[in-house]
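The values are calculated or read from the model by the stated rules, or taken from the named source; none is laboratory data. Here the structure is a predicted model, which means the values were calculated and not measured. Using ideal geometry, Cβ is built from the backbone for each residue, glycine included, and neighbour counts are taken over all protein chains shown. Just so you know, the surface numbers come from the protein's heavy atoms only, side chains and all, with ligands and any DNA or RNA stripped out. Shrake-Rupley method; radii C 1.70, N 1.55, O 1.52, S 1.80 Å.
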Amino acid sequence: MLQSNPTKKGTGIELWGDYGDLTSLYETIHKIGERLNEYKKEEKGQSDIIMGFAYEVRKAFQHSRLKEKFVFDSENKVEYLGFRYLWTDLLYLISVLRYNAGYVVLDALDQANLYILEYNCKKALFEYDPQGAQQIQNFIGRKIDIHNDLVFLVLQGINIEYLSKTPGKRRFRGIPDLFIAYSQFSPAYKMWKSDMVSRAKELDCRVDQLNYDDYPEIVW
């Protein structure tokens, strides 16, 4: 079964599993992601969020990310494969997965994979900071504005603002405020979108074709 823990600086989560755990999760993620058409403007953002996570899961079970020995007792030691993921990315992902899962035929194992992913998210949140997690847990699978053609660009904006802050519990506890600020009806979102529209005009492209290329270095 998947295991999890917060990263050292509380920037995100470390997800761990054996080859079977990770390939099973990967298959579930792809099953859900396949319903989305990356060439449709209204679906591309959600597709990018799902496929970005699937990429990290695949790299993990291909031994291209983290490896660590887990010791459960003197007779049970196992090497797990894993990867790191931002809290903000994971919370958006879970909402996108849960929404789209309602339109896909999933079996019991798929449902179990989703529940285990959500369980590990909540577990790691509380392990890092119980006080902050009390509020953040309310965004696991709900209350996140994913019904926006610009959802992937919005998430990039959230991540850059999040990563620009000093690592620690204050930044962690500010995650709900970031989600609210970037919801479509907030004044902050309207200012952000106006900036994106201006930038798109300068580059002679659509807003949904923009990408951030100035991510701060991630201190996990």
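List of remarks:
- So residue 181, is it open to solvent by less than 60 Å² (accessible area, probe 1.4 Å) and either in contact with a strand residue (DSSP E or B) (Cβ under 7 Å, 6 or more places away or on another chain) or over 22 Å from residue 125 (Cβ atoms) (or both): no
- Residue ID - nearest to residue 44 (Cα to Cα), chosen from residues in the stretch 192-214 that are touching a residue at least 12 places away in the same chain (Cβ under 8 Å) and open to solvent by less than 90 Å² (accessible area, probe 1.4 Å): 208
Quick grid of which residues meet (1) more than 26 Å from residue 209 (Cα to Cα); (2) touching a Gly at 6+ places or on another chain (Cβ under 9 Å); (3) at pLDDT below 95:
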residue: 89; (1), (2), (3): no, yes, no
residue: 107; (1), (2), (3): yes, no, no
residue: 113; (1), (2), (3): yes, no, no
residue: 151; (1), (2), (3): no, yes, no
residue: 159; (1), (2), (3): no, no, no
residue: 174; (1), (2), (3): yes, yes, no
residue: 185; (1), (2), (3): no, no, yes
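- Filtering the stretch 34-63 to residues that are closer than 22 Å to residue 21 by Cα and open to solvent by 40 Å² or more (accessible area, probe 1.4 Å) leaves 34, 51, 55, 58, 59, 62, 63.
- Which listed residue is under 14 Å from the mean Cα position of the chain (by Cα), more than 21 Å from residue 57 (Cβ to Cβ) and not charged (D, E, K, R), from 152, 179, 185, 126: 179
- Taken over the stretch 108-153, the criterion of being open to solvent by 70 Å² or more (accessible area, probe 1.4 Å), charged (D, E, K, R) and either closer than 30 Å to residue 41 by Cα or assigned to a loop (DSSP other than H, G, I, E, B) (or both) is satisfied by 142, 143.
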